[in-house]
1. Do the conditions hold for S244, that is, is it touching a residue at least 12 places away in the same chain (Cβ under 8 Å) and of a type in the set (G, A, S)?
2. Hey, could you check the stretch 185-196 for residues that are on the phi < 0 side of the Ramachandran plot and modelled with pLDDT under 95 and say which is least open to solvent (accessible area, probe 1.4 Å)?
3. Hey, among A259, A182, A255, A210, which residue is assigned to a helix (DSSP H, G or I) and under 26 Å from the mean Cα position of the chain (by Cα)?
4. Could you tell me which numbered condition V51 fails, if it satisfies all but one of (1) closer than 20 Å to M80 by Cβ; (2) modelled with pLDDT under 65; (3) open to solvent by 40 Å² or more (accessible area, probe 1.4 Å)?
5. Filtering the stretch 121-144 down to residues that are basic (K, R) and within 18 Å of L186 (Cβ to Cβ), which residue is least open to solvent (accessible area, probe 1.4 Å)?
6. Please verify whether the stretch 237-244 includes one or more residues that are of a type in the set (A, V, I, L, M, F, W, C) and assigned to a strand (DSSP E or B).
7. At pLDDT below 75, open to solvent by 40 Å² or more (accessible area, probe 1.4 Å) and assigned to a helix (DSSP H, G or I): which single residue out of I10, I67, I71, I84 fits that description?
Amino acid sequence: MNKKILLFLIPITVLSPLFLYSLFPYNAIWSLMILPGILLIAAFPSWRVAVLVAFFLSTVKYSFAFISQDISRDMLIEFMVGTITNHSVLFTVAYCKIQYNRALRETRELTLIDQLTGVYNRRYFDFYMEKTIPLSNKIGIPLHIILIDIDYFKAVNDTYGHSAGDNILKQVAGIIQDNIRASDGLVRIGGEEFVVLVPETTTKECLQIAERIRIAVSNAHFTHKGKHIPITISAGVAKYARSSTTHFIHQADEALYQAKAQGRNQVVIAQ
């Protein structure tokens, strides 16, 4: 349910039991006070909110009851039992909602995060393009991508094994992440290929980012079992120009292919 609707319903569910109790002073009516608590926890699921809600509702309940009438011993016991029951329900709802949100967050991360490198995956890339391309078309926000490929990566796997290859992928992902802006996004789109999403920048600035990444990877010290492994990358830079997403990626891919053909360990801008 929408959070705004929940917040609209909360005061109604708080005032309704108070109004009913003023007309019909039956203790059972106080059980309705659990409803605003559940709505609040649903809107803001946390243990702090659950504790504050339980304290507030108990304070309102007992204050109103003691002011309205004399409380007998039996009635007080009945109130306390009802309070314990309501609090048990509130904390159960809080636990279930918190666990649900945690599971939902983990599921989203699993569907959008590459499990080996910890960066975004191809699903995120497709989602990003789906949302960003129409926005770029509408208001003209410049968008570039840097398509990066690790040079001779198959030879690394064949020579040192896939375990070494996996470690290099993680290290390269970390180096790229350290050399891009906070507003940029890093995606592993498959194998040894990465894409850097570079919004709101010029082609010159994007080229500088790509060169910074290339130099950082080239200067990094990659080892496996004490043996140095020289690693370089090639990259293709493309600017979105009101074309299809497929054409946009194809431009970067063509630039990357040209970088490979020219000897690798370089950056080429798509024409």
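The values are calculated or read from the model by the stated rules, or taken from the named source; none is laboratory data. Keep in mind that what you see is a predicted model, and the values were worked out from it rather than measured. So basically every Cβ, Gly included, is an ideal-geometry build from the backbone, and we count neighbours across all protein chains shown. Protein only, heavy atoms only, side chains kept; ligands, DNA and RNA dropped before computing areas. Shrake-Rupley method; radii C 1.70, N 1.55, O 1.52, S 1.80 Å.
1. In short, no.
2. The residue in question is G185.
3. Step by step, each of A259, A182, A255, A210 is checked, and only A210 is assigned to a helix (DSSP H, G or I) and under 26 Å from the mean Cα position of the chain (by Cα).
4. Condition (2) is where V51 drops out.
5. Selected residue: R122.
6. yes
7. I67
Rundown of residues vs (1) in contact with a Gly (Cβ under 9 Å, 6 or more places away or on another chain); (2) buried (at least 18 other Cβ atoms within 10 Å of the Cβ), yes/no style:
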{"position": "S183", "(1), (2)": "no, no"}
{"position": "T201", "(1), (2)": "no, yes"}
{"position": "C206", "(1), (2)": "no, yes"}
{"position": "I209", "(1), (2)": "no, yes"}
{"position": "K225", "(1), (2)": "no, no"}
{"position": "I231", "(1), (2)": "no, yes"}
{"position": "V237", "(1), (2)": "no, yes"}
{"position": "G263", "(1), (2)": "no, no"}
{"position": "I269", "(1), (2)": "yes, yes"}
